[in-house]
Each structure stands twice: as C-alpha cells, then as structure tokens.
Amino acid sequence: MNINSSSNNQRKNNDDERPTTTSTIPPPLPPFRSVRMNVGPAPVMVQPQSFGAKAPMMPGASSFEFGGSKQAVQGKMAPPKPMGFSSGSMSTTNNSISTTTTNSNTKFAWKVDSVQTVPVYHPLERTAVTFGEEHPLELITKRISDFMKHQSIHCDYDSSMARVVCSTNSCLHFSVQLWQNKNGAVIMEMQRKQGCAIRMQSYRQQLKESILMGDEAATSKTQDTGCPAGLKQQLARMVPAIPASEQQGSCIDLCQELLASNLVDQNRMGLESLCVLTDASKVQDSSSASEKILQDSKLQMLLLKYFAEQEQANLHLLAIKAVAQALESTSTASASLKIDLSSVFWQTVLQALYQHIQRPHEKPLEAALSIKALRLLQQSCPECLTVLQRKYSLPVTAFLQIAHEFGKQHSSSLEREAMQFIMMANVH
C-alpha cells in the first residue's frame, strides 16, 4: 500500500515538471549615428569677468530714463547688460574649440584626430564629396575652417564627431559632417537644416572648390552674395526690377501687416522683406524704405519687440540686419536725417547693440551687424557714443579690440567692421 502511494506521488511530481526552454538574446544592433537625428550640443557659456573695474548690472526695468524723464515701453524689455570681461584674454569653449585673443599671430585651424566610417543605417546625401589621397584629413579640416572664416559663417566645431554646425547672417543653418569609407578616403557631407536651398547649393559648391584648390579658390571669389551669377542673370530677365516710389509704399504696408501678425512665419517673412527693401544691391530705391524704418514710429513699434526679446534668434538677427542696412542706405543723406535717440525704440536698439558688442565670441553674426549699425549711427548722430558712455560705465571702444582679435580668427566681417570703427574713433 505504501509502495503504491509513493509511486503515484512520484508520477504526479514528474507530470508537474514542465520542460524549460532557454531564451536566446539577439545581438545588439550596431551603433546608430545620423546627422539628421543628432542635434549638436549646446555651446558652453563663458562666465564674464571684470574689465578693469567692475561694471554695474543694468536694471531690467520696463522704462528708460533719458534727459530726466522716464518713458514706458510695452512688452518685455531687453535682458540686463552683461558684465565686462578681462582685456588680457578671452576664451570660448564650444566642445573642442578654444580661442584666445592674447596671441593673435596664431591662426585658428580646425583639427580632427580621427573620422568614423559611415554607419550602416545612415544614407549619405547625393551631394556628398569623396576626396582622394592628395587631400589628407588635416588639410581638409584646415581649409574648412579657413572657408568659414572667409565667409563669416558662425561655426560650432565638434572634433570628437568630426562635425561643424554652421549659421549665416541670412538665417541659413547647415552642418558639415566628415566620414571615412572602407578605403580610408574622407567623405564630406553637407546637410541643410533651415534656410534658402539656392544659397545652400552655392555654399556647397564654394566649399568643395575651396578644399580642392585652397587659396586659389579663396582669392578668386569674394564673400557669398546669394544666388550664383548665372541664376541672377536669368532672374533679371524673368523678373522686372522692383519699382520705386508708388508701389514701394504698398510693400512697406505689407511688411507692417506681416510684422503685426501673431504667426512667427509671417513675422519672419516681414523682416526678410524689410532686409530686401533696404538692400541697395537688390532694390533701386532703398532709401525710402530705410527712412521709414529709421523715422516712422508706427513701424518702429512693430520692430521693438524683436530687439527687446531675443528668444527668437533668427528674428532678432533679421531686425538688426534691417536697421544696419537702413543706416547704410541713408548714409549719404545722414545730414538731413533726424533720429531721436531719446525714443523708446532707439534706446532699446542701443541696448541690444551694446550687449552684442560686449560678447562677440558668443554671437559674432549679431556682433558684426551691431558694430556696423553703431558706426553708421555715429555718423548720423555724433552724440550716440556720448549717450552710451553716459548710460553705461564702459565705453564701446573698450570692446572693439576684443571683437577685432576674435574676428581675425573666425569672422572676416567682424574683423573688418571692428577695424573700421576703431579707425573712425581714432580720427574723431
């Protein structure tokens, strides 16, 4: 009886046992890297230091005081004025780039130690260029940085990923990525992120020729002016020139409607249209639109928020560009041009320009346009620098040398504008 019960129990235990299966974990996929998906890391901000004596912080109040009277301004005002930094040295840290202004004899050159092969799941652009053995990696990276400096393109260099994130003053944003194929040849891939596709194609062709020919391509071509020459001739035959006087007034009215809109894309279209209307190389009569920007209070109130608020970087850049071009277009008639520097608009503009001149290493595009606008404004209103000197503890000329030294390394336009302002200040 006991024998039978023990055998039955053993049989039940055997029935309860279930076969076990071993699970196999599939091997991990290869590392996925794509320029389309990755976003460049944010630039590291530099803590400013004192420039000789400590400069007081500018209050972020919503009113300006000029001539003993306060004037209110609608909306959010510009951020407080940054502190100055030491005149001995100035360094910026953008991943793997370090620039100092104390040694201006050394020319900046981008250096990359190694380049990774093209990932399996990354389709190359059709416009990617493969260089031969006569163009080593060190030569390619050096000519890329020289081209960016010559074209005054703001760059964020990342040597670990062999990538450059670029921005122009026409709000064109693109990236330059270096790869390596199986044979060890270097591949350059350029991808547009935002901006004009025609201008992007022009930069792509010029950078390719600059890498292949070096200084010969740089000396044969000046800075990019937009569309290629052949395309400009075709457009000139197809599109008539923008008429002056009568119809240009309607263009300004359309710009005001776009600027007054609550949609960001319409605001950007209005600012880009103003940049075109104030460009003497594109419009026959750019002075009328320029005088409208410099004197019309209604249009200035629409532009005010783009100087006071800098969250939209593209809109802020376009607003500074429009004012700088307007001052340039009316430079011949500066004697008859009356600008009220005590107005809320010009007080906000001066505050924004002064801020960018203090920090040329952070936003060299805005700094170059700000120096240009302030230089032209000084010609129209000689008391401009006096107003700034009275309002702020540090003069504008104290930062021009720093901007000039930084421009020598990274931006031709910043170098040129700072030198012209320094020469004008020395003459006066």
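The values are calculated or read from the model by the stated rules, or taken from the named source; none is laboratory data. Being a predicted model, the structure only gives us computed values, none of them experimental. Quick reminder, even Gly has a Cβ in these numbers, built from the backbone with ideal geometry, and neighbours come from all protein chains shown. Calculation scope for accessible area: heavy atoms of the full protein, side chains included, ligands and nucleic acids excluded. Shrake-Rupley method; radii C 1.70, N 1.55, O 1.52, S 1.80 Å.
Sorted from largest to smallest, which semi-axis lengths in Å does the alpha carbon gyration tensor of region 324-428 give for its equivalent ellipsoid, taking the root of 5 times each eigenvalue?
One finds semi-axes of 21, 15, 13 Å for region 324-428.
Going through region 286-326, which GluC sites (Glu not before Pro) have at most 10 other Cβ atoms within 10 Å and a DSSP loop state?
Answer by residue number: 311.
Going through region 143-222, which trypsin sites (Lys or Arg not before Pro) have at most 14 other Cβ atoms within 10 Å and a DSSP loop state?
182, 221
Using DSSP to define loop residues, name the GluC sites (Glu not before Pro) in region 120-196 whose beta-carbon has at most 12 other beta-carbon atoms within 10 Å.
Passing sites in region 120-196 are 133, 134.
Whenever you get a sec, compute what percent of the accessible area on region 365-416 sits on carbon and sulfur atoms (1.4 Å probe).
With neighbouring chains kept in place, the figure for region 365-416 is 51 percent.
Does region 145-192 come out rounded, prolate or oblate by the C-alpha gyration tensor, with a ≥ b ≥ c the root eigenvalues, rounded set by a/c under 1.5 and, if not, prolate when a/b is larger than b/c and oblate if not?
prolate
Run the dipole for region 271-428 about the Cα centre, Lys and Arg Cβ at +1, Asp and Glu Cβ at -1, nothing else charged, and hand back the magnitude in debye, nearest 20.
I would put it at about 200 debye.
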